[in-house]
Amino acid sequence: MPFSTEDTIVAIATPEGRGGIGVVRLSGPDAARVAIALSRHQVFQPRYATLVRIDCADVSDRAIVTFFPAPASYTGEDVVEISAHGSPVLLHAIVGEAMKAGARLAEPGEFTLRGYLHGRMDLIQAEAVQDLVAAVTPLQARSAFDQLEGTLTARIAALDTALFDLSTRLEASLDFAGEGYHFVDRAQVASEIGGVIASLDALLRDAGAGRLVREGAQVVILGRPNAGKSTLFNALLGADRAIVTDVAGTTRDLLSERVEIGGINVTLVDTAGIRHSTNDPVEREGIYRATSASKSAALALVLLDRSRPLEAEDRALLESTVPARRLMVLSKADLPSAWVDPSIRDGAVEISAPLGIGVETLRRQIAAGLGLNELHRDTPTLTNVRHVGLLARARVALDRSREAAAAGLPEELIAADCAEARAAFEEVTGHRTPDDTLHAIFDRFCIGK
């Protein structure tokens, strides 16, 4: 992707396909001139909608043109948005005419890249634009909007400012060391670095749950045949997706659907009933796939039929799953219980999926099991793995710096690790980011954004 901002770019800004309205966006020094050439309108008043006629080679339309002069625009350049009827044929024709008038077709994410290059947003906010466009749950949208509003930027800026002030004192002490002046107390420096670390830890503590907010999670339903897995699957989806019968082994393969639970995008997986005594090769393959899926899942719902005595296969299933990534679910709560085992029942959710008993409680427990209840509303949620990696790198550098200060080591060693932490902060915000990182970020955008 070119990092030059000297030319004028054009692209359709609305999604592909037919719609009531479609928007063609222009940005660059000749944006207004190209719009005038398209419409034969002499001048566009800034931030006013102007109705014009646009004649292309084969089609014409009446459109609304809005001019946003630099620097108060999305890209920081002159921007023109042409709102026309949402026919793909018409919109592509307008783009073609704009290119004939001197504009270049924009690369993916190039409008947002120009906004970043012109200082209209930092890199965190630029990435949040893409996250907001891609959001499929309210929690994803809220997290992205918070970052777009600058909440994470402000927190990192505060950490960077604290380190800058400390680094200034350390450098002053180095400059005048030969004259017997001492501007820093090592114990005080170690304490100040500890305060920055504590604030950084507050950001990092939600990183695991934040990744689930962005990427979603896989939740697998496990149990022996006829435990009620497919019935539970349908109940959590709110739709009859899986076939439910009294015949054991009806589900032979993995069946997955997406559902929102706890504000995140959950891939719910129904599996074949797990039993050891089967000669059916298809069923054996289904059991193998169920076991494999459980190992990679964020959470396994182990479903036990409380109306039938526990069997060896039930206990084997419990032994094969990790307690920290397992939620016990007892089905058929409307029927008398055939067993009592406090070690299993304590903390388990009892349900009757056909009657809806316990299903909402189970949803809440799934959210808790995924760690979503640990999200702290007083801190921005880290949802981007790039941010987490860089902040973790800063954390390691700050640990070294604090240890150096506590040990009374020279100021230059303390300052060097503080500088490394600051460099990581600046890479998060985009004040110091390699070009290949920028390419990787903006290449994920759609054309027109």
Checklist entry - How do the pairs read when you match residues in segment 1-27 that are within 14 Å of Val65 (Cα to Cα) and in contact (Cβ under 8 Å) with a residue 40 or more places away in the chain with residues anywhere that are part of a loop (DSSP other than H, G, I, E, B) and among the β-branched types (Val, Ile, Thr), using Cβ under 7 Å and keeping only pairs 6 or more apart or on different chains? => result Gly22/Thr14; Val23/Thr14; Leu26/Thr8; Ser27/Thr8; Ser27/Thr75
Item to check | Filter pass, Thr383 being in a loop (DSSP other than H, G, I, E, B) and modelled with pLDDT under 95 | outcome: yes
Item to check | Answer residue from segment 34-70, given it is in a loop (DSSP other than H, G, I, E, B) and of a type in the set (S, T, N, Q) and is nearest to Val89 (Cα to Cα) among those | outcome: Gln42
Checklist outcome for this item: Picked from segment 280-311 (must be among the basic types (Lys, Arg) and more than 24 Å from Val213 (Cα to Cα)), the residue modelled with the lowest pLDDT is Arg284
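Regarding Leu330, is this residue aliphatic (A, V, I, L, M), free of Cβ contacts under 8 Å to residues at least 40 places away in the same chain and more than 24 Å from Glu260 (Cβ to Cβ)?
So Leu330 fits the description; yes.
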Next on the checklist: Suppose we keep only residues that are at pLDDT below 80 and surrounded by 13 or more Cβ atoms within 10 Å (Cβ to Cβ) within segment 320-336. Which one would you say is nearest to the chain's Cα centre (by Cα)?
Outcome noted: Thr321
Next on the checklist: Looking for something outside any helix (DSSP H, G or I), touching a residue at least 24 places away in the same chain (Cβ under 8 Å) and basic (Lys, Arg) - is there at least one such residue anywhere in segment 118-125?
Outcome noted: yes
Item to check | Residue that is modelled with the lowest pLDDT [pool: residues in segment 79-121 that are within 22 Å of Ala141 (Cα to Cα) and surrounded by fewer than 21 Cβ atoms within 10 Å (Cβ to Cβ)] | outcome: Pro108
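The rows are residues; the columns are (1) modelled with pLDDT of 95 or more; (2) closer than 30 Å to Leu391 by Cα; (3) in the same structural domain as Phe425 (by the TED database); (4) basic (Lys, Arg).
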position	(1), (2), (3), (4)
Ala37	no, no, no, no
Phe44	no, no, no, no
Thr50	no, no, no, no
Tyr74	yes, yes, no, no
Glu77	yes, no, no, no
Next on the checklist: Within segment 349-360, take every residue that is surrounded by 12 or more Cβ atoms within 10 Å (Cβ to Cβ) and touching a residue at least 40 places away in the same chain (Cβ under 8 Å) and give me the one that is farthest from Met328 (Cα to Cα).
Outcome noted: Pro354
Checklist entry - What number goes with the only condition from (1) crowded, with 16+ Cβ neighbours inside 10 Å; (2) among the charged types (D, E, K, R); (3) assigned to a loop (DSSP other than H, G, I, E, B) that Asp7 does not pass? => result (1)
Next on the checklist: If the requirement is being in a helix (DSSP H, G or I), aliphatic (A, V, I, L, M) and in contact (Cβ under 8 Å) with a residue 12 or more places away in the chain, which of these qualifies: Val129, Val136?
Outcome noted: Val129
Item to check | Out of Gly96, Gly109, Gly150, Gly119, sole residue that is out of contact with any Ser or Thr (no Cβ under 9 Å at 6 or more places or on another chain), more than 28 Å from Arg33 (Cα to Cα) and of a type outside the set (A, V, I, L, M) | outcome: Gly150
Checklist entry - Which of the residues spanning segment 413-449 are in contact (Cβ under 8 Å) with a residue 24 or more places away in the chain, within 26 Å of Leu166 (Cβ to Cβ) and not hydrophobic (A, V, I, L, M, F, W, C)? => result Glu420, Arg422, Glu426, Glu427, Thr429, Gly430, His431, Thr433
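The values are calculated or read from the model by the stated rules, or taken from the named source; none is laboratory data. Please read these numbers as outputs of a predicted model, since none were measured by experiment. Using ideal geometry, Cβ is built from the backbone for each residue, glycine included, and neighbour counts are taken over all protein chains shown.
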